[in-house]
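For reference, the structure discussed in these notes is given below.
The values are calculated or read from the model by the stated rules, or taken from the named source; none is laboratory data. Everything numeric here is computed off the predicted structure, so don't read it as measured data. So basically every Cβ, Gly included, is an ideal-geometry build from the backbone, and we count neighbours across all protein chains shown. When the accessible area is computed, the model is the full protein with side chains, heavy atoms only, and any ligands, DNA or RNA have been set aside. Shrake-Rupley method; radii C 1.70, N 1.55, O 1.52, S 1.80 Å.
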Amino acid sequence: ESSSENQRMLKLLSRDPVQAARAYGVRWLIWDKLFSHPVFSPNPQNNEVEALRMPERKILLAVRNQAEPALAADGVEVYRLKDADPLAFIEGPGKEPLSLRFDMRGATVEVAGIPPNASVVVNVLRRPWTRAFADGHPIDCHVDAWGRVIVSLKGSARVLEVLYRPPWMLSGIAGLGIAIVGGIFGWFLRLREKRGPIPRGMVA
């Protein structure tokens, strides 16, 4: 929540809740009775966490007022917001939706048959280590006005992948180095404990 990408998204949601919700593909809104009548635990220190904060309440109310009721049961109301952007689409007035699936690596979009050199919007926030691949070949990706991933295809492609690729190997090597240094330091301390304190006037 504290990342710059998420903070920017929250600012856009606060500025124009309905338009931003549609841009981020929000189709459904769940309103629980606890939002209006919160029930707090006995520990008052938890109240801030348990209560819906005012900025969040304003966003939810604004979107709810523009959405259509779809279901109400047991204190829970579900609303449907029309005209939400697809999770992946061709950039342009029509926002033609594309088939998309998510897995642990990121998003895979079927782009076979779309016009050559088209720009594809994948409706996820772009992170610093986001990488795009067209048919397995690296391709540049950028952000649009909402911070979403946008990829301008060079020619035609069958599959577009938007993956999260941080430098795991470098991080692993750094972690291993820290672990080795920590192990040596621990071994040294243990050795000193076994040898006992050094008498005054003597040098180890």
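Do we have residue 64 as more than 21 Å from the chain's Cα centre (by Cα), farther than 22 Å from residue 125 by Cα, among the charged types (D, E, K, R) and open to solvent by less than 80 Å² (accessible area, probe 1.4 Å) here? Criteria met by residue 64. Filtered by the rule that a residue be among the acidic types (Asp, Glu), surrounded by fewer than 18 Cβ atoms within 10 Å (Cβ to Cβ) and touching a strand residue (DSSP E or B) at 6+ places or on another chain (Cβ under 9 Å), the range 83-95 gives a lone residue, 91. Please tell me if residue 171 is surrounded by 10 or more Cβ atoms within 10 Å (Cβ to Cβ) and modelled with pLDDT of 65 or more. Answer is no for this residue. There is no residue in the range 24-47 that is without any contact (Cβ under 8 Å) to a residue 40 or more places away in the chain, more than 29 Å from residue 88 (Cβ to Cβ) and of a type in the set (Asp, Glu).
Among the residues here, residue 80 qualifies as open to solvent by 80 Å² or more (accessible area, probe 1.4 Å) and of a type outside the set (Asp, Glu). Of all residues assigned to the range 71-82, at least one qualifies as being under 20 Å from residue 12 (Cα atoms) and either assigned to a helix (DSSP H, G or I) or of a type outside the set (A, V, I, L, M) (or both). Elements of the type helices (runs of 4 or more DSSP H) sitting completely within the range 1-62 and holding at least 1 residues that are modelled with pLDDT of 90 or more: these cover 4-15, 17-23. Among the candidates 110, 56, the residue that is farther than 30 Å from residue 151 by Cα and not β-branched (Val, Ile, Thr) is uniquely 56. Exactly one residue out of 22, 57, 126 is touching a His at 6+ places or on another chain (Cβ under 9 Å) and either on the phi > 0 side of the Ramachandran plot or not hydrophobic (A, V, I, L, M, F, W, C) (or both): that is 126.
Among the residues of the range 13-54, which ones are touching a strand residue (DSSP E or B) at 6+ places or on another chain (Cβ under 7 Å), surrounded by 13 or more Cβ atoms within 10 Å (Cβ to Cβ) and of a type in the set (A, V, I, L, M)? Residue satisfying the conditions is 29 alone.
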